[in-house]
Ligand code: SF4
């Protein structure tokens, strides 16, 4: 572990302040559900059902394999929802920028906008940046609610991979569509076939990786600039004892990019100085730290554990 993080964790311990590590030490692990000692299902209120013996099933008849597949599928649907929804928010921001309704935001990487437009068959010739951006934003938003067909970005995958997805019926129809489908089929009384459940989970994961998350990356590049190698600093040592320290956190870059701009505002710096600070120190935590570091070179103070 990073020495600066170690020092602060030891100090927190001396002061009796809880951390994720002390909580983990105190946490009594659930005695089932680890995969070694059985499986637990809480998908309906006839349960929780605890499957600890060979051949045992849940009250609804779900086997150990079905419960394991359902639990994994639901975790995938939840993760896909969290990351893809981030992409949706960025598409809304791009739409607002294109309409002139998002003061402070701009299209910083026009070349990337043109590249994305070409990949999703949006014409660019003779059109304004805002017109193309509006179409790209609407295309992205349409991919979330699409009910049939397949996601447009799938064709960006290597041909062999794309054809394998088609052959195995793993091509996601729409980003939200697959998340809902997984939540539906893992509900009590629906899909009991673990292989079939896992195929739905894979479609959902591809819908995130080649849909929501990929749109999030591409639109972030369009709005905030495509990352390039930068020199920066990492760990709690980036905090300053004589400045106002602000840490940006969370996985949505829409707000943090504005905070990066705000801390450079001379009026705010003067205000901090008027209160006795030497200035404003901005750093990031976790995935937002990664966002603002790779695009703006802002230092990272660490992650959510330390
Ligand atoms: S879905 Fe089936 S296995 Fe799960 S809690 Fe309900 S009855 Fe039990």
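Flag: residue 27 matches the condition of being more than 16 Å from the ligand (Cβ to nearest atom) and exposed (fewer than 12 other Cβ atoms within 10 Å of the Cβ). Here's a check for you: in segment 39-49, which residue that is closer than 13 Å to residue 71 by Cα and touching a residue at least 12 places away in the same chain (Cβ under 8 Å) is farthest from the chain's Cα centre (by Cα)? If we take residues in segment 39-49 being closer than 13 Å to residue 71 by Cα and touching a residue at least 12 places away in the same chain (Cβ under 8 Å), then 49 is farthest from the chain's Cα centre (by Cα).
Mind listing just one residue for me: the one in segment 141-172 that is assigned to a loop (DSSP other than H, G, I, E, B) and farther than 25 Å from residue 82 by Cα and, of those, farthest from the chain's Cα centre (by Cα)? Within segment 141-172, the match that is farthest from the chain's Cα centre (by Cα) is 168. When residue 99 is tested against the conditions (1) at positive phi; (2) surrounded by fewer than 13 Cβ atoms within 10 Å (Cβ to Cβ), the lone failure is (1).
Scanning segment 188-197 turns up no residue that is within 25 Å of residue 92 (Cα to Cα) and either free of Cβ contacts under 8 Å to residues at least 24 places away in the same chain or assigned by TED's automatic domain parsing to the domain that holds residue 269 (or both). Being outside any loop (DSSP other than H, G, I, E, B) and in contact (Cβ under 8 Å) with a residue 24 or more places away in the chain is a property that does not hold for residue 10.
Scanning segment 72-100 for residues that are within 12 Å of the ligand (Cβ to nearest atom) and free of Cβ contacts under 8 Å to residues at least 40 places away in the same chain yields a total of 0.
Every residue, every condition in (1) within 16 Å of the ligand (Cβ to nearest atom); (2) more than 17 Å from residue 191 (Cβ to Cβ), yes or no:
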site	(1), (2)
4	no, yes
9	no, yes
14	no, yes
20	no, yes
48	yes, yes
51	yes, yes
56	yes, yes
62	yes, no
67	yes, no
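Give me the helices (runs of 4 or more DSSP H) completely within segment 194-306, filtered to those with at least 2 residues that are in contact with a helix residue (DSSP H, G or I) (Cβ under 8 Å, 6 or more places away or on another chain) and surrounded by fewer than 23 Cβ atoms within 10 Å (Cβ to Cβ), ordered by residue number. Answer list for segment 194-306: 194-207, 213-224, 253-262, 286-296.
The values are calculated or read from the model by the stated rules, or taken from the named source; none is laboratory data. The shown structure was predicted, so the numbers you read here are calculated from the model rather than taken from an experiment. Because the Cβ atoms are built from the backbone with ideal geometry, glycine has one as well, and the counts that use them run over all protein chains shown.
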